[in-house]
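What follows is one structure encoded as C-alpha cells, with my remarks underneath.
The values are calculated or read from the model by the stated rules, or taken from the named source; none is laboratory data. If you're wondering where the values come from, they're calculated on a predicted model, not measured in any experiment. Quick reminder, even Gly has a Cβ in these numbers, built from the backbone with ideal geometry, and neighbours come from all protein chains shown.
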Amino acid sequence: MKKTIVFLSIILFMISCSNRNYVDYRQPFEINRNLSCEVLMENEYNRIWGIDVFLIGKKINDTVVYYQIESPTDYDETEVREIGEDIFPKDSISIANEIKKMCEKGTVYWRNYELKLDSVKALNYKNTIDKKKYKVIPIDYGLPESLYFKDAFNVVNLKEKDTFACSIIKRENEWYFQSSIHIEKK
C-alpha cells in the first residue's frame, strides 16, 4: 500500500511539473510564451467582451490577468455589426462557436496584469519591486502626476530580458498597478 501511495505521489508530481509549462504565471513580470487559448480556457479563463479584440481573462482576489488572442488572418468578419458594437454575436451557441474558432486559429498575442492597490501601496509600489530580478526604468510621458495618473515605468525581467510597460492609475476611486507585454514566441 505504501509503495502504491509513493508511486502515485511521484506520478502526480511529474504531471504537475510537466503541466507547469502550460499554466499562466500570475506574477506581474513573468510570462509563459507557450500558452494557448485552449489552455487558458481549460484553466477557467473566460471571454471578456471587447469592442474590436478577442480577450480572455481571469480574476482571482485583487488581481486580474487577461490576454488578447490575435485574430487569424482568414477570420471571417461577416458578423460585424454597426460601428461600436461587438464583432461577436451575443447568443450562447454563436458565442461558443466563435470562441472555439478563435482558440483553434488565434494565438496569444498580448497580456495585461492588473493588481488593485490601496492608496499607501499605490504611492510606493515601484519601490517594492525586487531590484535583483528586475530593472525599473522610469518613463516620462510629459504627463503630470494627477488624481488619476500616479506613475509610468518599464520593468525589465533581468533573466528573461522581457520588458513590461507599467503604470499606476486611479479608476473609479480605486488605485491599480498594471503591467502589459506583447508576447513574442521565442
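I'm checking my understanding of the structure. Among residues of region 44-74 that are among the aliphatic types (A, V, I, L, M) and at pLDDT below 85, which one is surrounded by the fewest Cβ atoms within 10 Å (Cβ to Cβ)?
In this case the residue turns out to be Ile51.
For Lys121, state whether it is touching a Lys or Arg at 6+ places or on another chain (Cβ under 9 Å), touching a residue at least 12 places away in the same chain (Cβ under 8 Å) and of a type in the set (Lys, Arg).
No: the conditions fail for Lys121.
Got at least one residue in region 83-104 being under 30 Å from Val136 (Cβ atoms) and modelled with pLDDT of 75 or more?
no
Mind listing whichever residues of region 26-43 are in contact with a helix residue (DSSP H, G or I) (Cβ under 8 Å, 6 or more places away or on another chain) and either free of Cβ contacts under 8 Å to residues at least 60 places away in the same chain or not in a loop (DSSP other than H, G, I, E, B) (or both)?
Within region 26-43, Asn32, Asn34, Cys37, Glu38, Val39, Met41 qualify.
Just one of Lys135, Lys126, Lys150 is among the charged types (D, E, K, R) and either under 26 Å from Ile56 (Cα atoms) or at pLDDT 95 or above (or both); which is it?
Lys135 is the lone residue from the list that is among the charged types (D, E, K, R) and either under 26 Å from Ile56 (Cα atoms) or at pLDDT 95 or above (or both).
Here is a list of conditions, (1) under 30 Å from Asn154 (Cα atoms); (2) modelled with pLDDT under 90, and Phe29 meets all of them except one; can you say which number that is?
The one condition Phe29 does not meet is (2).
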